[in-house]
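*Asks:* Just dropping this structure here.
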Amino acid sequence: MDTLKTDFILNAKGLACPMPIVKTKKAMDQLNAGEVIEVQATDKGSKADIKAWAESTGHQYLGTIENENVLKHYLRKATNDEIKTEKKHPVVATNEELQAKLDANESIVVLDVREEAEYAFNHIPNAICIPLGKLEEQFNELDKQAEIFVVCRTGSRSDFAAQKLAENGFKNVTNVVPGMSDWNGKTTTFHK
């Protein structure tokens, strides 16, 4: 079953986070309630992003089919009574605020929710890498009382991750914006 009947196909191939989400939001606005969209993307992180975005807005994430390096994400547009107001995590810090905490050697956890390949080539020293798509199954690796600063490339995935952490009892979570796309502090790479 390579093709499913859909009402709209969105081409987001070749685009990196947050563009697949931005394009999906615009396309969803044009659909009628109950209609199904197929979002075609090549960004490996888009599966976790689109699933998290759908959960935060009330739209139904149906699933993803991978076909020759193209991820086909299927979403059903929610009816008016199913739609949630899209939330943002309320506690936000700038890159500079995070850098100041790191410079002061404060006892904080930097959680990088980008894909492992993104993390491997460039990350904040001592940051923990748990990709957004694996976060729920790895909650137990994090201390619920710790002061956690969540980073990604642009602040979009980290926003979803911060919301998930807060919903699951983590008390002190901050989303870092804009994140690694504009990080001027020290970075390191992963060496085997």
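*Asks:* Taking the dipole about the Cα centre of the chain, with the C-beta of Lys and Arg at +1 and of Asp and Glu at -1, give me whichever of Phe190, Met180, Leu15 is farthest to the positive side.
*Replies:* Leu15
*Asks:* To continue, here is another question. Taking Cα centroids, how far is segment 99-155 from segment 38-71 in Å?
*Replies:* 22 Å
*Asks:* Taking amide H positions as placed 1.01 Å from N in the peptide plane, with prolines and chain starts having none, which residues 5 or more places from Gly58, or on another chain, fall under 5 Å of its amide H?
*Replies:* Amide H neighbours of Gly58, under 5 Å, 5+ apart: Lys84.
*Asks:* Quick one: Karplus J couplings for segment 176-184, per residue in order, coefficients 6.51, -1.76, 1.60, θ = phi - 60°, nearest Hz, x for Gly and Pro?
*Replies:* These are the phi-based 3J(HN,Hα) values: 9, 10, x, x, 5, 5, 10, 7, 9 Hz.
*Asks:* List every residue whose amide H lies under 5 Å from the amide H of Ala93, counting only residues 5 or more places away in sequence or on a different chain, with H placed 1.01 Å from N in the peptide plane.
*Replies:* Amide H neighbours of Ala93, under 5 Å, 5+ apart: Asn175, Val176, Val177.
*Asks:* At q = 0.16, 0.20 Å⁻¹, what base-10 log of I(q)/I(0) does the Debye formula yield for segment 1-137 when every alpha carbon is treated as an equal point scatterer in vacuo?
*Replies:* -0.90, -1.20
*Asks:* A further question follows. Using R₀ = 25 Å, calculate the FRET efficiency as 1/(1 + (r/R₀)^6) where r is the Cβ-Cβ separation of Glu68 and Lys23; round to 0.05.
*Replies:* 0.75
*Asks:* Which trypsin sites (Lys or Arg not before Pro) in segment 92-163 sit in a loop by DSSP (not H, G, I, E or B) and have at most 14 other Cβ atoms within 10 Å of their own Cβ?
*Replies:* In loop regions of segment 92-163 (DSSP not H, G, I, E or B), the sparsely surrounded trypsin sites (Lys or Arg not before Pro) are Lys144.
*Asks:* Something else: ³J(HN,Hα) across segment 132-137 via Karplus (A = 6.51, B = -1.76, C = 1.60, θ = phi - 60°), whole Hz, x for Gly/Pro?
*Replies:* Listing the rounded values in order: 3, x, 10, 4, 4, 7 Hz.
*Asks:* Related question: Might you report the magnitude of the Cβ-based charge dipole of the chain about its Cα centre, with Lys and Arg at +1 and Asp and Glu at -1, to the nearest 20 debye?
*Replies:* Result for the chain is approximately 240 debye, rounded to the nearest 20.
*Asks:* Rounded to the nearest 5, what % of DSSP beta bridges with both residues in the chain are antiparallel?
*Replies:* If we restrict to bridges inside the chain, about 45 percent are antiparallel.
*Asks:* Assigning unit charges at the beta carbon (Lys, Arg +1; Asp, Glu -1) and nothing else, what dipole magnitude in debye, to the nearest 20, does segment 92-182 show about its Cα centre?
*Replies:* Dipole of segment 92-182, to the nearest 20 debye: 140 debye.
*Asks:* By how many nm would the segment from Asn126 to Leu4 lengthen if fully extended, with 0.36 nm per residue of separation less the alpha-carbon distance?
*Replies:* Additional length available on full extension: 39.6 nm.
*Asks:* To make sure I understand, if each residue's beta carbon is the centre and we count other beta carbons within 10 Å, what order do Ser181, Ser107 fall in, fewest to most?
*Replies:* Ordered by Cβ neighbours within 10 Å, fewest first: Ser107, Ser181.
*Asks:* Let me ask something additional. If each residue of separation counts as 0.36 nm, what is the full-extension length gain between Lys186 and Phe139 once their alpha-carbon separation is subtracted?
*Replies:* Here the answer is 14.3 nm.
*Asks:* Calculate the all-directions average of the projected area of segment 64-192's alpha-carbon convex hull, and give it in nm². Numbers along the way, then the final one.
*Replies:* Working: hull surface 39.5 nm².
For segment 64-192, the mean projected area of the Cα convex hull comes to 9.9 nm².
*Asks:* Order of Asp49, Asp43 from fewest to most other C-beta atoms within 10 Å?
*Replies:* Going from least to most buried by this count: Asp43, Asp49.
*Asks:* Also, quick follow-up: By how many nm would the segment from Ile83 to Asn172 grow when fully extended, if each residue of separation counts as 0.36 nm and the alpha-carbon distance is taken off?
*Replies:* Details: separation 89, 0.36 × 89 = 32.04 nm, distance 2.79 nm.
Full extension of this stretch gives 29.2 nm more.
*Asks:* For Asp43, list long-range residues whose amide hydrogen, built 1.01 Å from N in the peptide plane, is under 5 Å from its own amide hydrogen.
*Replies:* It is Gly14, Leu15, by chain and number.
*Asks:* Going Cα to Cα from Lys5, which lysines come in below 25 Å? Please leave out same-chain ones fewer than 8 positions away.
*Replies:* Once the sequence-local lysines are set aside, what remains near Lys5 is Lys13, Lys23, Lys25, Lys26, Lys44, Lys47, Lys51, Lys72, Lys77.
Values quoted throughout were computed directly from the atomic coordinates according to the rules given, and no laboratory measurement underlies them. The model shown is predicted, which means the values in this text are computed figures rather than measured ones. Using ideal geometry, Cβ is built from the backbone for each residue, glycine included, and neighbour counts are taken over all protein chains shown.
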